[in-house]
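What follows is a single structure, written as structure tokens, with notes after it.
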Amino acid sequence: MTNLPKSNNTSIPISISLLPELEKENQHEQDDYQKKRLITISAIAIFIAGCVSIIAKLLIYLIDIITNISFYGKFSVENISPANNQLGLFVIIIPVIGGLIIGWMAFYGSKAIRGHGIPEAMEQILTNQSKIKPTITYLKPLSSAISIGTGGPFGAEGPIIATGGALGSTFGQLLKISHHERKVLLAAGATAGMSAIFGTPIAAIFLAIELLLFEFSPRSFIPVALACITGATGHHLLFEQGVVFPIVQTVAIPSNKALFYYNLMGILIGLLSVGVTKIVYFIEDLFEKLPIHWALWPAIGGFAVGIIGYFYPRTLGVGYNNITDVLSGTMATDIIFTLCIMKFISWAISLGSGTSGGTLAPLLTIGGALGALLGIGIQHILPSSGVSVSLAALVGMAAMFAGASRAFITSIVFAVESTGQFNALLPLLATCTSSYIVSYWIMENTIMTEKIARRGIKTPHAYEADLLSKLTVEQVITDSGTIISENNTIQEVRNWLSASTENNTNYFIISDDEGAYKGILSTSNLWSAHHATENRIGTLIKRSPFYIAQQDSLQTAVELMAKENVDVLPVVLNDSTQIIGLLTYRDILASYKYKVEEIEKKQAHISLKRNSLKILIHGQRMVSSLKMGKK
């Protein structure tokens, strides 16, 4: 380490031995503050979840009212399927009317009501500091209720997820909170909505982690978990006590042979999930090329929904009963086949037209029907396979969602929570894993991310510990650098630096004659014309001393550099102010690059060759003496 020779003048030592204790005290205060903020955000998240639960119930009532008015001509909140209507050819007009209303709302209200909600929420999180227009809080559920109530082949979960996210974001914009806290409230509101509709709090938590938060930390996980628990409570209070998709018979634990076939099913459904995603966006691209205003597209999509609904009424509306019927394993093969194909066509055209609706229920219906068909086929060809039609339908619907959205854990947990069939866990894991691998291998984006990827927005897809958090300062510090004694005059330092060719740093570390850290000095301050050249360097130190300890992580070092706006930090011996080295931003970048290359480097760690044993002892880097001799 280069040390500038000291001046003839003596200095008065200044002790900063209390700094480590002050640093620890400040850290404790910061931790206490973060915990208090966590309690505050959690309380707000619980309140938002309670509101979303009520909104979810009102949304279901609104869908039922519009369904009864549109298909049966009566004002009622009775939960009834539009499939039993007696309208004849007039049923074709109902979805068209709904599409015209939605186009009008999107044109005069907000274009953000178009689509299924989750990609739009992801976009706001990634690009707009989680700020969603407050109008979406009422426009989205209203437009979705009109879409579904007039026969749209969607589920209520997408709209309530979008509505809950908008409500959480609105609270986050009204309150004085950070961008991260607003993101947490958005995710809490969105997943509380899913939990309220389906009664699946654990799956909702994982949905937040995999599709909204893009992280797993206590400050985000705890408020979301509490919101999802609140949403599940709302489900049991306002909806029903049991699971949302009951299977009468208990699913038996499958044999190893059956697991093999479920695995093969996962591969096939994974391929089909890629096809489903591609077709949906292909249809959306076709609508973009139409020579008419986009506000009329939902009416065109509604016309397709009406025609298909006339011939195949089961495709109309939410269709949660379709999922239950498919899972029962007793539905006729021809009905399952028709439901699978026609529900997909109706949903893909309607969603591609830009109407307001969701994706989860249609994907579950299509995936469940595909699984049931494959299960029936396997049973027919191989009667001793051990494959159950009910279980095949269950793993099929989970695999379709896992492949299309790549929300892997969410898909598995949702299937278990929504049916209560815990014996299905292993085949679900096998099938969803196969589907996920196929989707990941073939498709760059998912049904959730393709839309925003086309706008140049990159979605995080990996959840790893920061490399900088795994490296300590001690591993990368260098003993090269310049330390200046506080007792040198400004002129002495300027003369020395002018004659030196090795110093290209923007900051210099200042110490006393014993090597104890005193502060940091910028090059611009050193060369300022306002200073009397006979003054000592120590007089130029204006900011409070800051440093990094050898056991701290590089992540801590980067945060300190950013906070203090410097590119070099003094490294001190633990619990002291004795300088043992310097850390520059170049050292950090070099270490990061080395670690990235080390992860990807292929090498054998066990050699079969006979070699002599080599032992490397990593000693602590110490500066033997920082006392400066006379110039």
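Does Ser130 satisfy the condition of being assigned by TED's automatic domain parsing to the domain that holds Leu175, part of a loop (DSSP other than H, G, I, E, B), of a type in the set (Ser, Thr, Tyr) and surrounded by fewer than 21 Cβ atoms within 10 Å (Cβ to Cβ)? If you could, list the steps in order and put the result at the bottom.
Details: assigned by TED's automatic domain parsing to the domain that holds Leu175: yes; part of a loop (DSSP other than H, G, I, E, B): yes; of a type in the set (Ser, Thr, Tyr): yes; surrounded by fewer than 21 Cβ atoms within 10 Å (Cβ to Cβ): no.
No, not satisfied.
Under 8 Å between Cβ atoms, which residue pairs at least 6 apart in sequence (or on different chains) link something in the stretch 348-361 that is more than 18 Å from Ala112 (Cβ to Cβ) with a partner that is of a type in the set (D, E, K, R) and in a helix (DSSP H, G or I)?
Leu360/Glu157; Ala361/Glu157
Of all residues in the stretch 417-429, which are of a type in the set (Gly, Ala, Ser) and surrounded by fewer than 22 Cβ atoms within 10 Å (Cβ to Cβ)? Before the answer, list the steps.
Residues of the stretch 417-429 of a type in the set (Gly, Ala, Ser): 418, 420, 424.
Result: Gly420, single match.
Across the stretch 359-384, what is the number of residues that are hydroxyl-bearing (Ser, Thr, Tyr) and either part of a helix (DSSP H, G or I) or surrounded by 22 or more Cβ atoms within 10 Å (Cβ to Cβ) (or both)? Steps first, please.
Keep residues of the stretch 359-384 that are hydroxyl-bearing (Ser, Thr, Tyr), which gives 359, 365, 384.
Next, from what is left, pick out any that are either part of a helix (DSSP H, G or I) or surrounded by 22 or more Cβ atoms within 10 Å (Cβ to Cβ) (or both): 359, 365.
Final tally of qualifying residues: 2.
Cβ-Cβ below 7 Å, separation at least six or inter-chain, first residue in the stretch 231-254 and in the same structural domain as Ala196 (by TED's automatic domain parsing) and in contact (Cβ under 8 Å) with a residue 60 or more places away in the chain, second outside any helix (DSSP H, G or I) and surrounded by fewer than 17 Cβ atoms within 10 Å (Cβ to Cβ): which pairs?
Taking only residues 6 or more apart or on different chains, the pairs are Val243/Gly420.
Just name the residue that is modelled with the highest pLDDT out of those in the stretch 329-358 that are part of a loop (DSSP other than H, G, I, E, B) and of a type outside the set (A, V, I, L, M, F, W, C). Let's see the steps before the verdict.
To start, the set of residues in the stretch 329-358 that are part of a loop (DSSP other than H, G, I, E, B) comprises 329-332, 353-355, 357-358.
Then drop every residue that is not of a type outside the set (A, V, I, L, M, F, W, C), which leaves 329-330, 353-355, 357-358.
Values: Gly329: 84, Thr330: 84, Ser353: 90, Gly354: 86, Thr355: 87, Gly357: 77, Gly358: 77.
Only one residue tops the list, namely Ser353.
Taking the stretch 233-285 only, how many residues are under 27 Å from the mean Cα position of the chain (by Cα), surrounded by fewer than 20 Cβ atoms within 10 Å (Cβ to Cβ) and charged (D, E, K, R)?
So the count comes out to 2.
Are any residues in the stretch 252-273 modelled with pLDDT of 95 or more and of a type in the set (Val, Ile, Thr), and if so, which ones?
Passing the criteria: Ile267, Ile269.
Between a residue in the stretch 408-421 that is in contact (Cβ under 8 Å) with a residue 12 or more places away in the chain and any residue that is among the hydroxyl-bearing types (Ser, Thr, Tyr) and outside any loop (DSSP other than H, G, I, E, B), which pairs come within a Cβ distance under 8 Å, given they are 6 or more apart or on different chains?
Between residues of the stretch 408-421 that are in contact (Cβ under 8 Å) with a residue 12 or more places away in the chain and residues that are among the hydroxyl-bearing types (Ser, Thr, Tyr) and outside any loop (DSSP other than H, G, I, E, B), the close pairs are Phe408/Thr433; Phe408/Tyr436; Ser411/Ser405.
Would a scan of the stretch 77-90 turn up a residue that is under 14 Å from Ser147 (Cβ atoms), surrounded by 21 or more Cβ atoms within 10 Å (Cβ to Cβ), out of contact with any Cys (no Cβ under 8 Å at 6 or more places or on another chain) and not small (Gly, Ala, Ser)? Can you show your working first?
Within the stretch 77-90, the subset under 14 Å from Ser147 (Cβ atoms) is 82.
Next cut, surrounded by 21 or more Cβ atoms within 10 Å (Cβ to Cβ) only: 82.
Imposing the further condition that a residue be out of contact with any Cys (no Cβ under 8 Å at 6 or more places or on another chain) reduces the set to 82.
Imposing the further condition that a residue be not small (Gly, Ala, Ser) reduces the set to 82.
Among the residues of the stretch 77-90, at least one is under 14 Å from Ser147 (Cβ atoms), surrounded by 21 or more Cβ atoms within 10 Å (Cβ to Cβ), out of contact with any Cys (no Cβ under 8 Å at 6 or more places or on another chain) and not small (Gly, Ala, Ser), which makes the answer yes.
Checking the structure you have, find out if any residue of the stretch 315-324 is assigned by TED's automatic domain parsing to the domain that holds Ser81 and free of Cβ contacts under 8 Å to residues at least 12 places away in the same chain.
no
Go through the residues of the stretch 562-579 one by one and say whether even a single one is modelled with pLDDT under 75 and surrounded by 19 or more Cβ atoms within 10 Å (Cβ to Cβ).
Restricting attention to the stretch 562-579, the residues satisfying the condition of being modelled with pLDDT under 75 are 574-579.
Okay, now just the ones that are also surrounded by 19 or more Cβ atoms within 10 Å (Cβ to Cβ), so 577, 579.
Within the stretch 562-579 (the criterion being modelled with pLDDT under 75 and surrounded by 19 or more Cβ atoms within 10 Å (Cβ to Cβ)), the answer is yes, since at least one residue qualifies.
Assess whether Pro291 counts as being assigned to a helix (DSSP H, G or I) and either at pLDDT below 95 or not assigned by TED's automatic domain parsing to the domain that holds Val243 (or both). Spell out how you get there, then give the answer.
Numbers: assigned to a helix (DSSP H, G or I): no; either at pLDDT below 95 or not assigned by TED's automatic domain parsing to the domain that holds Val243 (or both): yes.
So Pro291 fails the test.
Starting from residues that are of a type outside the set (Phe, Trp, Tyr) and surrounded by fewer than 21 Cβ atoms within 10 Å (Cβ to Cβ), keep the ones in the stretch 301-313 and report whichever is farthest from Asp334 (Cα to Cα). Break it down stepwise before answering.
Step one: filter the stretch 301-313 for residues of a type outside the set (Phe, Trp, Tyr), giving 301-302, 304-309, 313.
Those still in the list that are surrounded by fewer than 21 Cβ atoms within 10 Å (Cβ to Cβ) too: 307, 313.
Values: Ile307: 20, Pro313: 15 Å.
Ranking the candidates gives Ile307 first.
Using the structure shown, decide if Ala225 is within 22 Å of Ala361 (Cα to Cα), crowded, with 19+ Cβ neighbours inside 10 Å and small (Gly, Ala, Ser). Working first, answer last.
On the way: within 22 Å of Ala361 (Cα to Cα): no; crowded, with 19+ Cβ neighbours inside 10 Å: yes; small (Gly, Ala, Ser): yes.
When the stated conditions are applied, Ala225 does not pass them.
Please verify whether the stretch 92-106 includes one or more residues that are buried (at least 16 other Cβ atoms within 10 Å of the Cβ) and assigned to a loop (DSSP other than H, G, I, E, B).
Among the residues of the stretch 92-106, not one is buried (at least 16 other Cβ atoms within 10 Å of the Cβ) and assigned to a loop (DSSP other than H, G, I, E, B), which makes the answer no.
Output the residues belonging to the stretch 407-437 that are in a loop (DSSP other than H, G, I, E, B) and closer than 22 Å to Leu213 by Cβ. Spell out how you get there, then give the answer.
Taking the stretch 407-437 first, the residues in a loop (DSSP other than H, G, I, E, B) are 407, 420-421.
If the condition is that a residue be in a loop (DSSP other than H, G, I, E, B) and closer than 22 Å to Leu213 by Cβ, then Ala407 is the only one that fits.
Select, from Glu502, Glu486, the only residue that is modelled with pLDDT under 80, more than 21 Å from Ser591 (Cα to Cα), in contact with a Gly (Cβ under 6 Å, 6 or more places away or on another chain) and among the charged types (D, E, K, R). Break it down stepwise before answering.
Numbers: Glu502 fails: in contact with a Gly (Cβ under 6 Å, 6 or more places away or on another chain).
Answer to the selection: Glu486.
Filtering the stretch 541-561 down to residues that are under 34 Å from the mean Cα position of the chain (by Cα) and surrounded by fewer than 15 Cβ atoms within 10 Å (Cβ to Cβ), which residue is modelled with the highest pLDDT?
Step by step, filter the stretch 541-561, then rank; the result is Glu559.
Say we look at the stretch 162-205 and pick out the residues that are surrounded by fewer than 24 Cβ atoms within 10 Å (Cβ to Cβ) and of a type in the set (Ser, Thr, Tyr); which of these is farthest from Cys228 (Cα to Cα)?
Checking each candidate, the answer is Ser178.
In the stretch 205-227, how many residues are of a type in the set (Gly, Ala, Ser) and in contact (Cβ under 8 Å) with a residue 60 or more places away in the chain?
Start the filter on the stretch 205-227 by keeping residues that are of a type in the set (Gly, Ala, Ser), which leaves 208, 217, 220, 225, 227.
Still in the list and also in contact (Cβ under 8 Å) with a residue 60 or more places away in the chain: 227.
Residues flagged as of a type in the set (Gly, Ala, Ser) and in contact (Cβ under 8 Å) with a residue 60 or more places away in the chain within the stretch 205-227 amount to 1.
The values are calculated or read from the model by the stated rules, or taken from the named source; none is laboratory data. Being a predicted model, the structure only gives us computed values, none of them experimental. All Cβ positions, even for glycine, are placed from backbone atoms using ideal geometry, and neighbour counts span all protein chains on display.
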